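Engineer: Sharing a structure, written as structure tokens. Questions coming.
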Amino acid sequence: MLKVLILGSSGTLGKKLYKELIKIKSIKLFDSGLRKRKIDFTNDTKLKNFIVSINPDLIINCIAHTNVDECEKNRTLSKKINFEIVKRIFTLKSKKKLRFNFIHFSTDQFYFQKKKKPSNENSKIFMINNYCKHKRMAEIECIRNKSLIFRTNFFGKSESKNDSFSDWIFKSFKSKKKIYLFKDIYFNPLRIKTITKIIYKIIQNKKYKISGVYNLAAKGGLNKSEFAVLFSKKVCIYNRNYIDTISSKLLKVRRSKNMIMSVKKFENTFKFKLPYLLKEINNEAKDYKLLK
């Protein structure tokens, strides 16, 4: 029986992933805490004891400190969570001669095409803030260790303490408070549900042994203002209490403005057709309507 360990299982993606993978009867699933973290992963001894006691066949890493502003203010914390935990895991693998495969969730924020076209996995990488720098360092460590890396962005109802982008849109439009929407930041995220179903299929088809970097995203793309307006209309909570603006007027830390990713490499390798962003928005809106 395949032993699968999800790290970061109390987070937005990790918790949903646990609920999806628990359905697979041919695996034994382990978590690092569903309501809160069981251990401090920045502690070498605790991390070592935890992983060695399980001796997993596959580790899925959902651990990340994704608040870009906080990562910029606290470089040490960002480095510890977004890079050093990954490095420690592979150091442990080498020392203890463990044989697990590794799936790592990375970010779309490396991409910064000036022209509005999708970036592929070979496009130039921009490390314009601490978050990007440390996520890239983790990627390099994963590549050295022949792991499977997904650059992604996601939305959907969160069951963790942190709101997703769609959670924020839902609460903001429903409250009718004035909000600012960025018309200059483009992306093509997937639903959390879609990502978890993809990982489910990858495990069932034993494709977790594939290595390399893959963009995991929806087809098409929108700017964040277009996304928010369309989503609010689909959920039937749209109102005009928002202001379209550009990100540089409100955000202090520099970020990518075009994160739209090409998914051809993923589709060709995994033989899995990814959905269009508009369809993803339509499907997720159905779930949010139940919350009204």
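Engineer: Looking at region 273-292 only, could you name the residues that are assigned to a helix (DSSP H, G or I) and in contact with a Ser or Thr (Cβ under 8 Å, 6 or more places away or on another chain)? Give the derivation first.
Structural biologist: Within region 273-292, the first condition is being assigned to a helix (DSSP H, G or I), and the residues that meet it are 277-289.
Residues satisfying the conditions are Glu280, Glu284, Tyr288.
Engineer: Going by what's in this entry, would Ile199 be described as outside any helix (DSSP H, G or I) and of a type in the set (A, V, I, L, M)? Even if it seems obvious, please write down each step before you answer.
Structural biologist: Details: outside any helix (DSSP H, G or I): no; of a type in the set (A, V, I, L, M): yes.
Considered against the rule, which asks whether it is outside any helix (DSSP H, G or I) and of a type in the set (A, V, I, L, M), Ile199 comes out as no.
Engineer: Shifting gears a bit: Output the qualifying pairs, or none if there are none: Cβ atoms under 6 angstrom, residues six or more apart or on different chains, first residue in region 234-246 and more than 22 Å from Asn258 (Cβ to Cβ), second residue of a type in the set (Gly, Ala, Ser) and modelled with pLDDT of 95 or more.
Structural biologist: From region 234-246, the pairs are Lys234/Ala285; Val235/Ala285; Tyr238/Ser232.
Engineer: With touching a residue at least 60 places away in the same chain (Cβ under 8 Å), surrounded by fewer than 16 Cβ atoms within 10 Å (Cβ to Cβ) and under 18 Å from Lys209 (Cα atoms) as the only criterion, which of Ile103, Ile149, Ile143 stands out? Lay out the reasoning, then the answer.
Structural biologist: Details: Ile103 fails: surrounded by fewer than 16 Cβ atoms within 10 Å (Cβ to Cβ); Ile149 fails: surrounded by fewer than 16 Cβ atoms within 10 Å (Cβ to Cβ).
Ile143 is the lone residue from the list that is touching a residue at least 60 places away in the same chain (Cβ under 8 Å), surrounded by fewer than 16 Cβ atoms within 10 Å (Cβ to Cβ) and under 18 Å from Lys209 (Cα atoms).
Engineer: Check Phe154, Phe83, Phe102, Phe150 and return the single one that is under 24 Å from Tyr186 (Cβ atoms), at pLDDT 95 or above and either in contact with a helix residue (DSSP H, G or I) (Cβ under 7 Å, 6 or more places away or on another chain) or of a type in the set (D, E, K, R) (or both).
Structural biologist: Phe154
Engineer: Of all residues in region 250-270 being of a type in the set (Lys, Arg) and at pLDDT below 95, which is surrounded by the fewest Cβ atoms within 10 Å (Cβ to Cβ)?
Structural biologist: So, considering only residues that are of a type in the set (Lys, Arg) and at pLDDT below 95, the one surrounded by the fewest Cβ atoms within 10 Å (Cβ to Cβ) is Lys252.
Engineer: Keeping to region 205-231, report how many residues are assigned to a loop (DSSP other than H, G, I, E, B) and touching a strand residue (DSSP E or B) at 6+ places or on another chain (Cβ under 7 Å).
Structural biologist: Restricting attention to region 205-231, the residues satisfying the condition of being assigned to a loop (DSSP other than H, G, I, E, B) are 205-206, 210-211, 217-218, 220-221.
From the residues that got through so far, the ones that are touching a strand residue (DSSP E or B) at 6+ places or on another chain (Cβ under 7 Å) too are 210-211, 217-218, 220-221.
Result for region 205-231: 6.
The values are calculated or read from the model by the stated rules, or taken from the named source; none is laboratory data. From a predicted model like this one, the values you see are computed outputs, not experimental measurements. For neighbour counting, all protein chains shown are included, and Cβ atoms are generated from backbone atoms with ideal geometry for every residue, glycine included.
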